[in-house]
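Enquirer: Before anything else, here's the structure in question.
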Amino acid sequence: EAGVAQSPRYKIIEKRQSVAFWCNPISGHATLYWYQQILGQGPKLLIQFQNNGVVDDSQLPKDRFSAERLKGVDSTLKIQPAKLEDSAVYLCASSINRDPTYEQYFGPGTRLTVT
Amino acid sequence: AQTVTQSQPEMSVQEAETVTLSCTYDTSESDYYLFWYKQPPSRQMILVIRQEAYKQQNATENRFSVNFQKAAKSFSLKISDSQLGDAAMYFCAYRSADSNYQLIWGAGTKLIIKP
């Protein structure tokens, strides 16, 4: 079974530029999560999708971050414009559904550096 | 709000010996799940072990076991016969069994294995 795929693996941009990250979850997984992991910290949930609907985006900075999962499969997370404090690893995860008995599987992450 | 605390930023252990990583959490809920995740330097987060709060028996997975003390709100991870491949960041996480399905993460413990 293929795992969660993410691209790019690394991205360096200047502040005020825009950037987009892509995630392809495990086939058949209805729930998709985007996390932000700042160096030295645990992940922080940005947004959770159930199929193509948003379940929780309470911690997403909506003035600059946006995410979509149009066909209920792959997803894109965008930052526009980027700030220095957005430097982090962005992790995508998926699970069969929202029930906590189902494991979340993580992708390798995208390391973003904002200069 | 629930919180998860990992008080050991870094731990080291001699190869083949046993090490225990600590985790405490705060919650007013009675039904929840606790997790230990491993994040090797490649950054892909992997589930190590899971404990359901309603189960009194401590979970075990091969060389990994937990000491779950519900009254004390403590959830430590014991790694027996440590191997070089165990070197990683270890994160403790909490998830409600009720309506809030978000994973709450600790800050992590870096485990160093000495050959």
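The values are calculated or read from the model by the stated rules, or taken from the named source; none is laboratory data. Quantities reported herein were computed from a predicted structural model and do not represent experimental measurements. A quick note on method: Cβ atoms are made from the backbone with ideal geometry, for glycine too, and the neighbour counts reach across all protein chains shown. Surface areas here come from the heavy atoms of the whole protein model, side chains and all, with no ligands, DNA or RNA. Shrake-Rupley method; radii C 1.70, N 1.55, O 1.52, S 1.80 Å.
Enquirer: Here are B:Arg50, B:Arg63: which of them is of a type outside the set (Gly, Ala, Ser) and either under 27 Å from A:Trp34 (Cα atoms) or surrounded by 15 or more Cβ atoms within 10 Å (Cβ to Cβ) (or both)? Reasoning before the result, please.
Expert: On the way: B:Arg63 fails: either under 27 Å from A:Trp34 (Cα atoms) or surrounded by 15 or more Cβ atoms within 10 Å (Cβ to Cβ) (or both).
After applying the criteria, what remains is B:Arg50.
Enquirer: Which ones in the stretch B:51-66 are under 22 Å from B:Ser7 (Cα atoms) and either in contact (Cβ under 8 Å) with a residue 12 or more places away in the chain or within 11 Å of chain A (Cβ to nearest Cβ) (or both)?
Expert: Scanning the stretch B:51-66 gives B:Gln51, B:Ala53, B:Phe64, B:Ser65, B:Val66.
Quick grid of which residues meet (1) within 13 Å of chain B (Cβ to nearest Cβ); (2) part of a loop (DSSP other than H, G, I, E, B):
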site	(1), (2)
A:Leu39	yes, yes
A:Ile47	yes, no
A:Ser66	no, no
A:Leu70	no, yes
A:Thr76	no, no
A:Tyr102	yes, yes
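Enquirer: I've got another one for you. Inside the stretch B:72-115, can you point out the residues that are more than 14 Å from every other protein chain (Cβ to nearest Cβ), part of a loop (DSSP other than H, G, I, E, B) and modelled with pLDDT of 95 or more? Steps first, please.
Expert: Step one: list which residues in the stretch B:72-115 are more than 14 Å from every other protein chain (Cβ to nearest Cβ), which gives B:72-87, B:111-115.
When the remaining residues are screened for being part of a loop (DSSP other than H, G, I, E, B), the result is B:72-73, B:80-83, B:87, B:115.
Selection gives B:Ala72, B:Lys73, B:Ser80, B:Asp81, B:Ser82, B:Gln83, B:Ala87.
Enquirer: Still on this structure, please answer the following. If I filter the stretch A:2-30 down to residues being free of Cβ contacts under 8 Å to residues at least 60 places away in the same chain, assigned to a strand (DSSP E or B) and of a type outside the set (A, V, I, L, M), which single residue comes out as farthest from A:Ser94 (Cα to Cα)? Outline the logic, then answer.
Expert: The initial filter retains those residues of the stretch A:2-30 that are free of Cβ contacts under 8 Å to residues at least 60 places away in the same chain, namely A:2, A:20, A:22, A:24, A:27.
From what's left, assigned to a strand (DSSP E or B): A:20, A:22, A:24.
Applying the additional criterion that residues be of a type outside the set (A, V, I, L, M) yields A:22, A:24.
Numbers: A:Trp22: 13, A:Asn24: 9 Å.
Among residues in the stretch A:2-30 that are free of Cβ contacts under 8 Å to residues at least 60 places away in the same chain, assigned to a strand (DSSP E or B) and of a type outside the set (A, V, I, L, M), the one farthest from A:Ser94 (Cα to Cα) is A:Trp22.
Enquirer: Additional query: With the requirement that a residue be over 13 Å from the mean Cα position of the chain (by Cα) and of a type in the set (Gly, Ala, Ser), what does the stretch A:48-106 give you?
Expert: Of everything in the stretch A:48-106, those that are over 13 Å from the mean Cα position of the chain (by Cα) and of a type in the set (Gly, Ala, Ser) turn out to be A:Gly53, A:Ser58, A:Gly72, A:Ala82, A:Ser87, A:Ser95.
Enquirer: What are the residues in the stretch B:56-71 that are assigned to a loop (DSSP other than H, G, I, E, B) and either among the small types (Gly, Ala, Ser) or out of contact with any Phe, Trp or Tyr (no Cβ under 6 Å at 6 or more places or on another chain) (or both), if any? Walk me through how you get there before you give the answer.
Expert: Kept after step one, since they are assigned to a loop (DSSP other than H, G, I, E, B), are these residues of the stretch B:56-71: B:56-59, B:62-63, B:70-71.
Correct list: B:Gln56, B:Gln57, B:Ala59, B:Asn62, B:Arg63, B:Lys70, B:Ala71.
Enquirer: Still on this structure, please answer the following. Sort through B:Thr5, B:Thr27 and tell me the only one that's over 12 Å from the mean Cα position of the chain (by Cα) and hydroxyl-bearing (Ser, Thr, Tyr). Explain how you work it out, then say what you get.
Expert: Numbers: B:Thr5 fails: over 12 Å from the mean Cα position of the chain (by Cα).
Testing whether each residue is over 12 Å from the mean Cα position of the chain (by Cα) and hydroxyl-bearing (Ser, Thr, Tyr) leaves just B:Thr27.
Enquirer: Name, by its number, the condition in (1) in contact (Cβ under 8 Å) with a residue 12 or more places away in the chain; (2) open to solvent by less than 60 Å² (accessible area, probe 1.4 Å); (3) of a type in the set (Asp, Glu) that does not hold for A:Asp74.
Expert: A:Asp74 satisfies all of (1) in contact (Cβ under 8 Å) with a residue 12 or more places away in the chain; (2) open to solvent by less than 60 Å² (accessible area, probe 1.4 Å); (3) of a type in the set (Asp, Glu) except (2).
Enquirer: Further question on the same structure: Residues of the stretch A:77-100 being open to solvent by 60 Å² or more (accessible area, probe 1.4 Å) and at pLDDT below 95, which ones?
Expert: Within the stretch A:77-100, A:Ile96, A:Arg98, A:Asp99 qualify.
Enquirer: Among the residues of the stretch B:69-90, which ones are more than 19 Å from B:Ala1 (Cα to Cα), under 10 Å from the mean Cα position of the chain (by Cα) and open to solvent by less than 30 Å² (accessible area, probe 1.4 Å)? Lay out the reasoning, then the answer.
Expert: Of all residues in the stretch B:69-90, those more than 19 Å from B:Ala1 (Cα to Cα) come to B:69, B:76-90.
If we keep only those that are under 10 Å from the mean Cα position of the chain (by Cα) as well, we get B:76-78, B:90.
Those that are more than 19 Å from B:Ala1 (Cα to Cα), under 10 Å from the mean Cα position of the chain (by Cα) and open to solvent by less than 30 Å² (accessible area, probe 1.4 Å): B:Ser76, B:Leu77, B:Tyr90.
Enquirer: Continuing with the same structure: Restricting attention to the stretch B:5-47, which residues are open to solvent by less than 60 Å² (accessible area, probe 1.4 Å) and free of Cβ contacts under 8 Å to residues at least 40 places away in the same chain?
Expert: Within the stretch B:5-47, B:Arg43, B:Leu47 qualify.
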